[in-house]
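J.: The structure that follows is given in the form of structure tokens.
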Amino acid sequence: SLATAAPPTFHPTRLPPYQSLCANLDTVRKVTDNAPLSLAEKILFSHLRNPEEVLAGKRGVDLRGKEYLPLRVDRLAMQDASAQMALLQFMTCGLPQTAVPASVHCDHLIQAFEGAEADLKRSIASNQEVFQFLSSASAKYGIEFWAPGSGIIHQIVLENYAAPGLLMLGTDSHTPNASGMGCLAIGVGGADAVDALTDTPWELLTPRLLNVHMTGKLSSWCTPKDIILHLVSKLTVRGGTGRIVEYSGPGLASLPATGLATMSNMGAEVGATTSCFGYNDAMARYLDATGRGEVKLGAEQAAARGLLSADQGAQYDERIEIDLSTLEPVLNGPFTPDLSTPLSQYTRNAKDAEKRDHPLELSAALIGSCTNSSYNDLARCASLARQALDRGMKVKCPFDVTPGSEQVRATVERDGLTSLFESVGGRVLANACGPCIGQWDRKECQGKENVILTSFNRNFKSRNDGNSQTHNMLASPEVVTAMAFAGRLDFNPMTDSLIAPDGQPFRFSPPEGDELPAMGFTAGEVAYLPLPAPQPQPEVEVAIDPSSSRLEHLQPFGSAFAGGKYELDNMGVLMRIKGKCTTDHISAAGPWLKYKGHLSNLAENTLIGATNAETGRVNSAVDYEDGQEVEDTIPGVAKRFKARNQPWVLVADHNYGEGSAREHAALQPRFFGCQVIVARSIARIAETNLRKQGVLTLLFEDEADWERIGAGDEVATKGLEDLLKPGGDLRAQVTLLVKKRGTGETIEIPTKHTLSRAHLDWIRAGSALNVIRQQAAS
Ligand code: F3S
């Protein structure tokens, strides 16, 4: 039964610490001699743990792309897939509660198949143990738990937690969605999440700044989605890497806050760290509508002290101008979000069989998801459905609507939008990720070439239904809805007519819809809602079935340096990797994802994508124990080392561990006993993640030495003691003493490193979590 309740009660933990942020900003201004600051710099620097130390004698621009900022984050959100390992790691620290307010959201594990109710029931049954684990761990540590059915992480965060000036992390790449509310929200891996949960300084390489200045006003068919689809095509999928996109200009004033969220959500599609917008009236209206008058009040005071907008004269690394009046709706895709075509041109070309490489008929049209499921989006789409319904028309292809949250779902149902979508043949799916993340069980199109049109954010091959022949085109929800009535891609709703059942032509008028519900939001099914700021319940036992194949308690890693011994010896060499070795090669995804919370099962995929330089084969390694030569899979040989308790060295090529922030790529080798990785170069995030797990990472002083070490060699260190002993010399050089297989000759391989004192603490203790546990116990 649906209760028509008000939005969840506001709790002070949802109010950013404006007083201390403003005080910190004053310090920053003093230290930087009042140099003009951008908005992104203000939010980042006001979250510095030690602004005097980091900024002394420098300007913000000096740090960009060069120095790391040790930051204190305000809040963390985790989705059900990535939360598992983050919480399992946090549990090993022995802390009674999380250091910052945190929330868990059950959304990714819900499959779309028949419709909201049945899908939810089935997904809860098949993921029962994971949901129970997440809910019991949340109760124990005082985390807000949003149950399956409550909605998609990013929409819930926007409605409840996102607030101007906040710095928050989320274990999902579209976390920047929350930045639509004037904060900095950044997507991270589980290891960074644990930093936030344990109050360890979270380090971010100072981003470069890209200013997008907007003038003009969008035309009636154009939406914020078209702005970001246009920008993605300008910047390409890599154009935002290492950057924050800071928007400015008078064009912003006419956009709803939820539209800004759509734009910052898809900043992830250009690889941006996040996006940001100065505090404005649309945000104030949204805060009011979502029951957060106190945040509005605090934000207004902080804005008056200069925290929530850029200074005149702030410096940016790049600038792009967009006149919104010149934009027209676009379609992006297929297979990449940066391939953009204006709607008029696309539909013209689509009519021309020679210019298109896919069928014209739409096999499905989908709106909603974390990217575009605001009340405003759905109201505007409903206005189109109403026009068509009045002329007796129905959609010509399956038309699915994914509400972003229970609050949006219940509100659009109350306001009659749901019945409108259903009257024209649409179907409302569960409040969850479903088709957006590939949780779309769609048997009818398996293996067949087909085209879908969605208002989602990603359109890589196989993303939605696992079928590599599904061409996914991205557009605004309004364009998706209108085109669903044609069921074809050569229909331009701005200029073309359809034939209504009465035989007369029908043309859509431009969409219209309220920015926010006139009667306010309703919370819907209140059973899904967490307590605001729940208290930790230490007596709760975290639910992990010892016979589970999906969840397993993590055992803390031991230290190799107990008892005051700081050199390593008797290490084997697992293999020498040749060429690319990304996080996908180290810890593959796909079918392995179900083991995200079970390290020993997941570790069965360790390095299976890596190429062995000595055998020339992928997933091949050779063990030389006792002079015997045994070739096996890489995890097979790693297990042999673990079984005989022998630590090992991994030899890697350039940019080892590039790709994602996936912490499993560091946990798995360590689980099998990896103690040292020596490489030509290592990707920065992978390197930090490895050190966090207690793995010593070294680089060849002379890259040619990569060839001089291989399987069957025995390795020891020389000089590690000078570095690693408490108060050691950070400039000390570590040399690897390599006893060669066969000849028994020992050669010396000099290395270099970029270890900091904190990294040495982690390595000495066996892991960063061990350091935290020791501190908690003392
Ligand atoms: Fe991500 Fe889409 Fe869910 S982008 S959060 S999968 S709705």
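What follows draws every value from the coordinates through simple rules; no lab data is involved. Please read all numbers here as calculations on a predicted model, not as lab measurements. For neighbour counting, all protein chains shown are included, and Cβ atoms are generated from backbone atoms with ideal geometry for every residue, glycine included.
J.: Give me, ordered by chain and number, the residues 5 or more places off MET575 or on other chains with an amide H under 5 Å from its own placed amide H.
T.: Residues meeting the amide H criterion: VAL651.
J.: So, one more: Going by the alpha-carbon gyration tensor, a ≥ b ≥ c the square roots of its eigenvalues, is the stretch 551-655 rounded (a/c under 1.5) or, if a/c is not under 1.5, prolate (a/b greater than b/c) versus oblate?
T.: Since a/c reaches 1.5 but b/c is at least a/b, the shape of the stretch 551-655 is classed as oblate.
J.: Enumerate the lysines that LYS234 could reach by cross-link, defined here as Cα to Cα under 24 Å, with residues fewer than 8 away along the same chain left out.
T.: Straight-line reach from LYS234, under 24 Å: LYS217, LYS225, LYS355, LYS461.
J.: On to the next question. Please turn the phi angles of the stretch 653-661 into ³J(HN,Hα) values with the Karplus equation 6.51 cos²θ - 1.76 cosθ + 1.60 (θ = phi - 60°), one per residue in order, whole Hz, x for glycine and proline.
T.: Whole-Hz 3J(HN,Hα) from phi for the stretch 653-661: 8, 7, 6, 4, x, 5, x, 9, 8.
J.: For LEU531, list long-range residues whose amide hydrogen, built 1.01 Å from N in the peptide plane, is under 5 Å from its own amide hydrogen.
T.: PHE145
J.: Of LYS692/LYS725; LYS30/LYS58; LYS578/LYS692, which sit over 20 Å apart, Cα to Cα?
T.: Working: LYS692/LYS725 18 Å; LYS30/LYS58 12 Å; LYS578/LYS692 25 Å.
Flagged as over cut-off: LYS578/LYS692.
J.: Give the relative contact order (percent, whole number) for the stretch 239-304; include only Cα pairs under 8 Å separated by 6+ residues.
T.: 38 percent.
J.: Can you give the net charge of the other residues whose Cβ lies under 11 Å from the Cβ of ALA716, counting K and R as +1 and D and E as -1?
T.: Local net charge: -3.
J.: Taking 8 Å as the Cα distance limit and 6 or more residues as the minimum spacing, I'd like the relative contact order of the stretch 21-325 as a percentage.
T.: 23
J.: Ignoring solvent entirely, what values of log10 I(q)/I(0) come out of the Debye formula for the stretch 562-777 at 0.09, 0.16 Å⁻¹ when each Cα is a single scatterer?
T.: -0.32, -1.08
J.: Residue by residue, what Karplus-based ³J(HN,Hα) values in Hz, rounded to whole numbers, does the stretch 140-151 have, using 6.51, -1.76 and 1.60 with θ = phi - 60° and x for Gly and Pro?
T.: So the Karplus estimates, Gly and Pro as x, are 4, 9, x, 9, 6, 10, 9, 5, x, x, 6, x Hz.
J.: To check my understanding: the extent here is largest minus smallest coordinate of the Cα atoms along each principal axis. What are those three numbers for the stretch 21-325, in Å, largest first?
T.: 56, 50, 38
J.: Which value, in debye to the nearest 20, describes the size of the charge dipole of the chain about its Cα centre when Lys and Arg Cβ atoms bear +1, Asp and Glu Cβ atoms bear -1, and nothing else is charged?
T.: Values: 74 positive and 90 negative charges, 57 e Å.
Computed about the Cα centre, the dipole is about 280 debye.
J.: Okay, next question. How high is the relative contact order of the chain, in percent, counting Cα pairs under 8 Å that sit 6 or more residues apart?
T.: About 14 percent, as a whole number.
J.: As a test, work out the antiparallel percent of DSSP beta bridges whose residues both lie in the stretch 329-523, rounded to the nearest 5.
T.: Within the stretch 329-523, antiparallel bridges account for around 35 percent of the total.
J.: Of GLY251, ASN372, VAL637, whose Cα points farthest to the positive end of the dipole of the chain (charges on the beta-carbon: +1 Lys, Arg; -1 Asp, Glu; origin at the Cα centre)?
T.: GLY251
J.: Among DSSP beta bridges whose residues both lie in the chain, state the antiparallel percentage, nearest 5.
T.: Looking only at bridges with both residues in the chain, the antiparallel portion is about 35 percent.
J.: Mind running the shape call on the stretch 329-523? Use the C-alpha gyration tensor, a ≥ b ≥ c as the square roots of the eigenvalues: rounded below 1.5 for a/c, prolate if a/b tops b/c, oblate otherwise.
T.: It comes out oblate by the Cα gyration axes.
J.: A further question on this structure: Can you run phi through the Karplus equation (6.51, -1.76, 1.60; θ = phi - 60°) for the stretch 167-182 and list ³J(HN,Hα) in whole Hz, with x for Gly and Pro?
T.: Per-residue couplings from phi come out as 10, 10, 10, x, 8, 6, 5, 9, 3, x, 3, 5, 5, x, 9, x Hz.
J.: If you line up the long axis of helix 768-777 against the longest principal axis of the chain, both from Cα atoms, how many degrees apart are they, to the nearest 10?
T.: Helix 768-777 sits at roughly 80 degrees to that axis.
J.: Right, here's the next one. What is the distance in Å between the Cα centroid of the stretch 23-83 and that of the stretch 436-512?
T.: Using only Cα atoms, the two centres lie 43 Å from each other.
J.: Any idea what the dipole of the stretch 403-477 comes to, in debye rounded to 20, about its Cα centre with Lys/Arg Cβ at +1 and Asp/Glu Cβ at -1?
T.: 260
J.: Under a Cβ-Cβ cut-off of 9 Å, what is the net charge of the residues other than GLU567 that fall near it, where Lys and Arg count +1 and Asp and Glu count -1? Can you show the working numbers first?
T.: Working: positive: LYS565, LYS718; negative: ASP569, GLU721.
Surrounding charge for GLU567 is 0.
J.: Highest first, please rank the peptides 541-548, 13-20, 196-203, 396-403 by the mean number of other Cβ atoms sitting within 10 Å of their residues.
T.: Listed from highest to lowest mean packing, they are 396-403, 196-203, 13-20, 541-548.
J.: 5 Å is the cut-off here: which amide hydrogens, built 1.01 Å from N in the peptide plane, fall below it relative to SER660, excluding neighbours closer than 5 in sequence?
T.: Excluding prolines and chain starts, which carry no amide H, the hits are THR583, ASP584.
J.: On a straight-distance basis, which lysines could pair with LYS740 in a cross-link, Cα separation under 18 angstrom, same-chain partners fewer than 8 positions away excluded?
T.: Those lysines meeting the cut-off are LYS718.
J.: For the stretch 190-214 and the stretch 675-752, what is the separation of their Cα centres, given in Å?
T.: Spelled out, the Cα-based centre of one part sits 29 Å from the other.
J.: Sticking with this structure for a sec: Could you sort out which of LYS121/LYS594; LYS448/LYS594; LYS42/LYS66 sit more than 21 Å apart by Cα distance in this structure?
T.: Details: LYS121/LYS594 19 Å; LYS448/LYS594 26 Å; LYS42/LYS66 18 Å.
Checking Cα-Cα distances, LYS448/LYS594 exceed 21 Å.
J.: In Å, what is the Rg of the alpha-carbon atoms in the chain, and how long is Dmax?
T.: 27.1, 91
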